[in-house]
Structure formats: C-alpha cells, structure tokens
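The structure under discussion appears below in the form of structure tokens.
The values are calculated or read from the model by the stated rules, or taken from the named source; none is laboratory data. Bear in mind the structure is a predicted one, so any value in this text is a computation, not a measurement. All Cβ positions, even for glycine, are placed from backbone atoms using ideal geometry, and neighbour counts span all protein chains on display.
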Amino acid sequence: MKKKDFVSVRNWSASELDEVLNLAVAVKSDPRKYSRKLDGKALAMIFEKPSLRTRVSFDVGIHQLGGFSICLTQAEINLGKREAVSDVAKNLERMVQGIMIRTFNHEIAEEMAEEACIPVINGLTDFSHPCQAIADYLTVFEVKGKIRGVKIAYIGDGNNVAHSLIYGAVRFGAHLSVASPEGYGPHPKVVEWAQQNASETGSKLAVMQNPSEAVEGADVIYTDVWAGMGLESEAAIRKRAFQAYQVNDALVSHAKPDFVFMHCLPAHRGEEVSDSVIDSRHSIVFQQAENRVHAQKSILLALMQ
Ligand code: CP
Ligand code: NVA
C-alpha cells in the first residue's frame, strides 16, 4: 500500500507544500470543520530529545482532529538499543495510524519511514526540522500576505532549522540569505540542491559570512540557538565563534522598517538575540509558535486521513 511520509520538506513538491499551507490556513480559520477528521486515530510520538512546542502542538493538534497521541520517550523504548528501529516500526504500524519521531540521526527517521507502512513525520533530527518550516512559512504568509519574493535573512548556525528553511524557500519561492561564521554554514549538499532547484519558483539563495549584508533590506530576520540539542559540549566554543552574529538593534537597523523577527524557539536570550529585538513590536515568535498547532494539524490531515 502506498503511504506518504513527511521526513523532509525537499521530498514534497511545491504544489504539495502549497496545499498543506493552504490547508493550515483553512484549519486555523475554521477548526471545527476538521474536528472529526481523524476520529479515533492514534499518533505515536517518539521523543529522543526534549520538546515543548512540538510535543504540545502535535498532542493538541491530533486531539482537535478527533484523534489522540501516545508519547514514547527514550527511557521507555530506547530506540535502536532495546529494540531495532525496524522492529519498533513493525510493532507500531499494527497499533497506531501515524508516527512522529524526534531523534538525533536523520537516517533513523528515514529508516523508520522506510520500515513502517504508516505515515512517519520528522519532528526534528540533527539535520532537519520540516514541521517547523511549515509553521514558519505559514507565519510569513500571514504577516507579509505572500511568500514568493519575500526576503528572509537567516543569521547564525546552518543547522536543522536553517536546512528546512532553505528547502522551504526553494519550494515556496522566498529569497533567503544565510549568514554564518566560517565552518558553521548550512550543509553543502543542502546549498547545492537549493541552488540547482531555486529557479523552479524564482527563489534566490545566498550564503555568506557577513550578517549585515544578509540582513540588508530583509522583510524577515530569523535566528536560532548557537548550540542546538546534542551540541551542549560545544556551547562555549560556539559562543565565541558566533559573537558577531547576535540579532540586536544594530544588526536589525539594516532591515526594512517593517521587518519581522522570527525564531523557532527555545531562545537563548542575550546570545543569538537581544531582549530588545525578541521583545520588540517586530517580534512574531509567539504567533510563529502558535502556528505549529495549525501546521501540525494540516500535516496530520494530509497524511492520516
Ligand atoms: N521549535 C521547536 O521545535 O520547539 P521544541 O523543541 O520545544 O519542540
Ligand atoms: N536547532 C535547534 C532547534 C530547536 C527547536 C536544536 O536542534 O536544538
């Protein structure tokens, strides 16, 4: 039986992503219309890393669609050690109708998707965070009225969030400038793929080291932590490397006057972003966080109906 997964933004076409975004808009504006669409369906949520937004938005989201979730932490299933990923997949597919997985190694999420005959959703890996990107572009669409041609500056670590943002920029037609310190840019294979596929939607991707140059004329400024989950031991060395990459009043002065500030959260205030920016009228980080619920619901509907 053919089934669909959401492991990477890149695996979905521009029209599939447009559809999921439009559905998220519809779900947000009329949630009651969708309240029984996943009646009685169960979503297993595997968390090998901490989470606030992903955990709560999937849990609330599936409930609001008539289904329910089961949370499985590493302490409970010890994925790959207590039991092989493929065996976990083959058990879960007989008991639940969907799997969301947050794990370290991206290949684990891919393996789960390959092995399970039910939809698998990537709830963040070291390599990507596709559900975040759907909520992010939904938020850009809400505040800017379009995505195509919107200029986004991503400042900081070329990490999982940056990778999904890059894939999304290509699919949705945004212009993205990424500024990172030397050695901390996005993965070359992501950049290469984006540059090869950008013409599909007229998207432009620029990768650089100068944060002011990236922010010049930006509609959206986006940042994320300097040391993500699993990189805690590198925190001190990264803090030094990223010193000039804080999104603060001086840096945002290069953006358009009506720029918005975005962050996937959690934020390390005083590191990648100053309080003056994250608490300013430009900041839409909590609207962005709320949109995780609407985006998640749309993804669940697209895969589990
Ligand atoms: N943005 C995000 O995924 O947040 P959590 O890590 O809290 O789920
Ligand atoms: N880049 C961050 C994102 C958290 C949602 C991390 O991986 O920890």
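Number of residues in the stretch 100-124 that are closer than 16 Å to residue 72 by Cβ and in a loop (DSSP other than H, G, I, E, B) equals 6. If you go through the stretch 29-45 and keep only what is more than 16 Å from residue 303 (Cβ to Cβ) and either polar (S, T, N, Q) or surrounded by 18 or more Cβ atoms within 10 Å (Cβ to Cβ) (or both), you end up with 29, 35. Applying the criterion of being in contact with a Leu (Cβ under 8 Å, 6 or more places away or on another chain) and more than 16 Å from ligand 1 (Cβ to nearest atom) to the residues of the stretch 154-169, the residue that is farthest from residue 13 (Cα to Cα) is 155. Of all residues assigned to the stretch 61-78, at least one qualifies as being within 14 Å of ligand 1 (Cβ to nearest atom), within 22 Å of residue 4 (Cβ to Cβ) and surrounded by 23 or more Cβ atoms within 10 Å (Cβ to Cβ). Applying a threshold of 9 Å to beta carbon distances and a minimum spacing of six or more residues, or different chains, the list of pairs starting in the stretch 269-290 at a residue that is over 14 Å from residue 251 (Cα atoms) and ending at one that is assigned to a loop (DSSP other than H, G, I, E, B) and of a type in the set (A, V, I, L, M) reads 285/265; 285/267; 286/265; 288/265; 289/52; 289/265. Scanning the stretch 28-79 for residues that are modelled with pLDDT of 95 or more, touching an Asp or Glu at 6+ places or on another chain (Cβ under 9 Å), within 16 Å of ligand 2 (Cβ to nearest atom) and farther than 18 Å from residue 93 by Cβ yields a single hit, 57. Of all residues in the stretch 59-77, one or more are under 25 Å from residue 141 (Cα atoms) and not in a helix (DSSP H, G or I).
The criterion of at least 3 residues that are away from ligand 2 (no atom under 16 Å from the Cβ) and either closer than 17 Å to residue 133 by Cα or of a type outside the set (A, V, I, L, M, F, W, C) (or both) is met by the following helices (runs of 4 or more DSSP H) wholly inside the stretch 193-305: 211-215, 285-304. Give the residues of the stretch 114-137 that are within 14 Å of ligand 2 (Cβ to nearest atom) and either surrounded by fewer than 24 Cβ atoms within 10 Å (Cβ to Cβ) or without any contact (Cβ under 8 Å) to a residue 12 or more places away in the chain (or both), sorted by residue number. Residues satisfying the conditions are 126, 127.
Looking across the stretch 240-266 at every residue that is crowded, with 17+ Cβ neighbours inside 10 Å and within 16 Å of residue 160 (Cα to Cα), the one that is nearest to ligand 1 (Cβ to nearest atom) is identified as 264.
Taking the numbered list (1) under 24 Å from residue 50 (Cα atoms); (2) crowded, with 20+ Cβ neighbours inside 10 Å in turn, residue 237 passes all entries but (2). Among the residues of the stretch 223-241, the ones that are closer than 24 Å to residue 288 by Cα and either without any contact (Cβ under 8 Å) to a residue 60 or more places away in the chain or among the hydrophobic types (A, V, I, L, M, F, W, C) (or both) come to 4 in all.
Kindly establish whether residue 191 is without any contact (Cβ under 8 Å) to a residue 40 or more places away in the chain and within 18 Å of the chain's Cα centre (by Cα). Judged against the criteria, residue 191 is a match.
Against the definition (within 22 Å of the chain's Cα centre (by Cα), under 30 Å from residue 286 (Cβ atoms), without any contact (Cβ under 8 Å) to a residue 60 or more places away in the chain and away from ligand 1 (no atom under 16 Å from the Cβ)), how does residue 108 come out, yes or no? So residue 108 fails the test. Within the stretch 1-28, the residues that satisfy the criterion of being closer than 25 Å to residue 84 by Cβ and buried (at least 18 other Cβ atoms within 10 Å of the Cβ) are 5, 6, 7, 8.
Of the residues in the stretch 140-150, none is crowded, with 21+ Cβ neighbours inside 10 Å, under 15 Å from the mean Cα position of the chain (by Cα), within 16 Å of ligand 2 (Cβ to nearest atom) and closer than 26 Å to residue 288 by Cα. Take the conditions free of Cβ contacts under 8 Å to residues at least 12 places away in the same chain, over 29 Å from residue 257 (Cβ atoms) and among the hydroxyl-bearing types (Ser, Thr, Tyr) and apply them to residue 199. Does it pass? Yes; evaluated as a whole, the condition is true for this residue.
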